[in-house]
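**Q** Could you have a look at this structure, given as structure tokens, before my questions?
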Amino acid sequence: MEKVEKKIQMVDLLSQYEKIQAEIDKAVLDVIHSTAFINGPDVKAFKTELEKYLGVKNVITCGNGTDALQIAMMALGLKPGDEVITADFTYVATAEVIALLGLTPVLVDVYPDTFEINIEAFEKAITPKTKAIVPVHLFGQCADMERIMQIAKKHNLFVIEDVAQAIGADYTFSDGKKQKAGTIGDVGCTSFFPSKNLGCYGDGGAMYTNNDELAAKMQMISNHGQRVQYYHDSIGVNSRLDSIQAAILRIKLRHLDEYAAARNVVANYYDKVFANHPKIKTPSRVKNSTHVFHQYTLQLNGIDRTKLREQLASRGIPAMIYYPVPLHLQKAYLDSRYKAGDFPVTEKLCATVISLPIHTEMDEATLKYICDNVLELLN
Ligand SMILES: *Cc1c(COP(=O)(O)O)cnc(C)c1O
């Protein structure tokens, strides 16, 4: 097999930077020379540009995606004892903030083909104490938002979209109306962690909402609960996006659609190579959503995953397990309500998934090298 020159990585942030280096370097230096490190003009400009891109009335920036979820739940007035439903198959942050605020995380299983939250399971989990649902748009495509919104409306639930992995994805309703992921529910929460689809060069996050009153509350809570400086109306947090990160994000936002397209080229290539392989299941697409492929995740059938990962690593190919343990079996989240076997789909996924490198700078030679090796090792 032809050897690839460049080291293969899950995400190649250096090559991506090199293509926009002059612009980024200038923007970062401009912030340094302005000394407007906090709440500078780039933060306001980024907020406005992201609102326009998403077609949403309000974007409030904050320190990271986990804070975004926490601030959203605080602003919605959720109280200890309130139940919040979310998927068992997700990154821990989603459930962490629910628990941290003294709310009760109620976990439900996901669909085996798309990895998104199971709608029947969601509806069944609703009790009189349920106040909100957090659909996670896992790996880059939307959960079934049309049905989630219908059920939420019927039961008077808040919808907090965790859009950390799916910024830019489009959801189409059955009447043809299109909306960006994260702008459909009461609030969307995203992350600008470097490896996310719109990543900065440090930590960052944001909330989106069309509700002006909720936007004002989230703005206030993210800034120590003050509307006017030194007058504190509620208990808040200190969570902000700094100006250097905002300046970087302004530049990268202009490339976001092109980045999503590049990720789709990679995903389509993998799909084609691995289609109908008896030992691999390729990820299914959600019908009403575009996919921005934060991750490309295969399910293995009858393969020693640990051994495969070691063999791939020895050939210079990284592969990751997102996620190895279901939330309900994590030590910190063990709960007498749940036991092994309760969420069979998530449990099976955690045992069989493997994510291959996918990013904006992947060339065909690298893709071919990865695929040839995976196929050879599965034989
Ligand atoms: C990354 C991520 C978060 C948290 O974002 P941070 O910026 O790392 O705090 C939350 N939910 C999901 C699904 C994520 O992937």
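**Q** Among the residues of region 73-92, write down those that are open to solvent by less than 10 Å² (accessible area, probe 1.4 Å) and either in a helix (DSSP H, G or I) or outside the structural domain of Gln219 (by TED's automatic domain parsing) (or both).
**A** Listed by number, the residues that qualify are Met73, Ala75.
**Q** Are any residues in region 283-307 more than 23 Å from Pro344 (Cβ to Cβ) and part of a helix (DSSP H, G or I), and if so, which ones?
**A** Residue satisfying the conditions is Lys307 alone.
**Q** Check whether at least one residue in region 99-110 is closer than 20 Å to Cys200 by Cα and part of a strand (DSSP E or B), and report yes or no.
**A** Among the residues of region 99-110, not one is closer than 20 Å to Cys200 by Cα and part of a strand (DSSP E or B), which makes the answer no.
**Q** Now for a separate question. Consider Val108 against the criteria (1) more than 16 Å from the ligand (Cβ to nearest atom); (2) under 20 Å from Tyr338 (Cβ atoms): it satisfies all of them except one. Which criterion is unmet?
**A** It is condition (1) that Val108 fails.
**Q** Please identify the pairs in which a residue from region 40-55 that is over 16 Å from Val187 (Cα atoms) has its Cβ atom under 7 Å from the Cβ atom of a residue that is in a helix (DSSP H, G or I) and among the charged types (D, E, K, R), counting only partners at least 6 apart or on another chain.
**A** Filtered contacts from region 40-55: Asp42/Arg250; Ala45/Arg250; Phe46/Arg250; Glu49/Arg250.
**Q** A follow-up question, please. Suppose we filter region 116-160 for residues that are under 27 Å from Tyr259 (Cα atoms), touching a strand residue (DSSP E or B) at 6+ places or on another chain (Cβ under 7 Å) and part of a loop (DSSP other than H, G, I, E, B); how many remain?
**A** Number of matching residues: 5.
**Q** Test of understanding: among Val374, Val325, which residue is surrounded by fewer than 19 Cβ atoms within 10 Å (Cβ to Cβ) and either without any contact (Cβ under 8 Å) to a residue 40 or more places away in the chain or not assigned by TED's automatic domain parsing to the domain that holds Ser195 (or both)?
**A** The conditions single out Val325.
**Q** Any idea how many residues of region 111-158 are closer than 21 Å to Met207 by Cα, of a type in the set (Gly, Ala, Ser) and open to solvent by 10 Å² or more (accessible area, probe 1.4 Å)?
**A** So the count comes out to 0.
**Q** Only one residue in Arg227, Arg240 is without any contact (Cβ under 8 Å) to a residue 12 or more places away in the chain and in contact with a helix residue (DSSP H, G or I) (Cβ under 8 Å, 6 or more places away or on another chain), so which one is that?
**A** Arg227
**Q** Then there is this: Can you tell me which residue in region 70-87 is farthest from the ligand (Cβ to nearest atom), limited to those that are under 30 Å from Ile38 (Cα atoms) and not polar (S, T, N, Q)?
**A** Among those that are under 30 Å from Ile38 (Cα atoms) and not polar (S, T, N, Q), it is Gly77.
**Q** How many of the residues making up region 180-215 are open to solvent by less than 40 Å² (accessible area, probe 1.4 Å) and outside any loop (DSSP other than H, G, I, E, B)?
**A** Final tally of qualifying residues: 13.
**Q** Could you tell me whether Asp67 is acidic (Asp, Glu), in contact (Cβ under 8 Å) with a residue 60 or more places away in the chain and more than 16 Å from the ligand (Cβ to nearest atom)?
**A** Working: acidic (Asp, Glu): yes; in contact (Cβ under 8 Å) with a residue 60 or more places away in the chain: yes; more than 16 Å from the ligand (Cβ to nearest atom): no.
It is false that Asp67 is acidic (Asp, Glu), in contact (Cβ under 8 Å) with a residue 60 or more places away in the chain and more than 16 Å from the ligand (Cβ to nearest atom).
**Q** For region 280-318, which residues satisfy the criterion of being β-branched (Val, Ile, Thr), within 30 Å of Gly182 (Cβ to Cβ) and out of contact with any Gly (no Cβ under 9 Å at 6 or more places or on another chain)?
**A** Thr282, Val286, Thr297
Quick grid of which residues meet (1) free of Cβ contacts under 8 Å to residues at least 12 places away in the same chain; (2) within 16 Å of the ligand (Cβ to nearest atom):
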| position | (1), (2) |
| --- | --- |
| Phe89 | no, yes |
| Val97 | no, yes |
| Thr104 | no, no |
| Thr114 | no, yes |
| Thr127 | no, no |
| Lys131 | no, no |
| Lys154 | yes, no |
| Ala169 | no, yes |
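**Q** Something else: Identify the residue in region 159-174 that is more than 8 Å from the chain's Cα centre (by Cα) and within 20 Å of Leu327 (Cβ to Cβ) and, among all such residues, is surrounded by the fewest Cβ atoms within 10 Å (Cβ to Cβ).
**A** Quick first cut of region 159-174, residues more than 8 Å from the chain's Cα centre (by Cα) only: 159-161, 168-174.
Those left that are additionally within 20 Å of Leu327 (Cβ to Cβ): 159-161.
On the way: Val159: 19, Ile160: 30, Glu161: 29.
For region 159-174, the residue satisfying everything is Val159.
**Q** Of all residues in region 198-239, which are within 14 Å of the ligand (Cβ to nearest atom) and closer than 16 Å to Leu50 by Cα?
**A** Once the filter is applied, which keeps residues that are within 14 Å of the ligand (Cβ to nearest atom) and closer than 16 Å to Leu50 by Cα, region 198-239 yields Leu198, Gly199, Cys200, Gly204, Gly205, Ala206, Met207.
**Q** Name the single residue that is farthest from Ala181 (Cα to Cα) among those in region 36-47 being open to solvent by less than 80 Å² (accessible area, probe 1.4 Å) and in a helix (DSSP H, G or I). Give the derivation first.
**A** Step one: filter region 36-47 for residues open to solvent by less than 80 Å² (accessible area, probe 1.4 Å), giving 36, 40, 42-43, 45-47.
Now restrict to residues that are in a helix (DSSP H, G or I): 42-43, 45-47.
On the way: Asp42: 24, Val43: 22, Ala45: 21, Phe46: 18, Lys47: 17 Å.
Result: Asp42.
**Q** Still on this structure, please answer the following. Name, by its number, the condition in (1) open to solvent by less than 10 Å² (accessible area, probe 1.4 Å); (2) not in a loop (DSSP other than H, G, I, E, B) that does not hold for Ile317.
**A** Going through the list (1) open to solvent by less than 10 Å² (accessible area, probe 1.4 Å); (2) not in a loop (DSSP other than H, G, I, E, B), Ile317 breaks only (2).
**Q** Criterion first (in contact (Cβ under 8 Å) with a residue 12 or more places away in the chain and away from the ligand (no atom under 11 Å from the Cβ)) does Gly185 satisfy it?
**A** Numbers: in contact (Cβ under 8 Å) with a residue 12 or more places away in the chain: yes; away from the ligand (no atom under 11 Å from the Cβ): yes.
Spelling it out, Gly185 is indeed in contact (Cβ under 8 Å) with a residue 12 or more places away in the chain and away from the ligand (no atom under 11 Å from the Cβ).
**Q** Looking only at region 11-35, which residues are open to solvent by 30 Å² or more (accessible area, probe 1.4 Å) and either aliphatic (A, V, I, L, M) or under 17 Å from Phe192 (Cα atoms) (or both)?
**A** The answer is Val11, Leu13, Leu14, Tyr17, Ala22, Val28, Leu29, Ile32.
The values are calculated or read from the model by the stated rules, or taken from the named source; none is laboratory data. If you're wondering where the values come from, they're calculated on a predicted model, not measured in any experiment. Because the Cβ atoms are built from the backbone with ideal geometry, glycine has one as well, and the counts that use them run over all protein chains shown. Please note that ligands, DNA and RNA were not included when accessible areas were found on the heavy atoms of the full protein model with its side chains. Shrake-Rupley method; radii C 1.70, N 1.55, O 1.52, S 1.80 Å.
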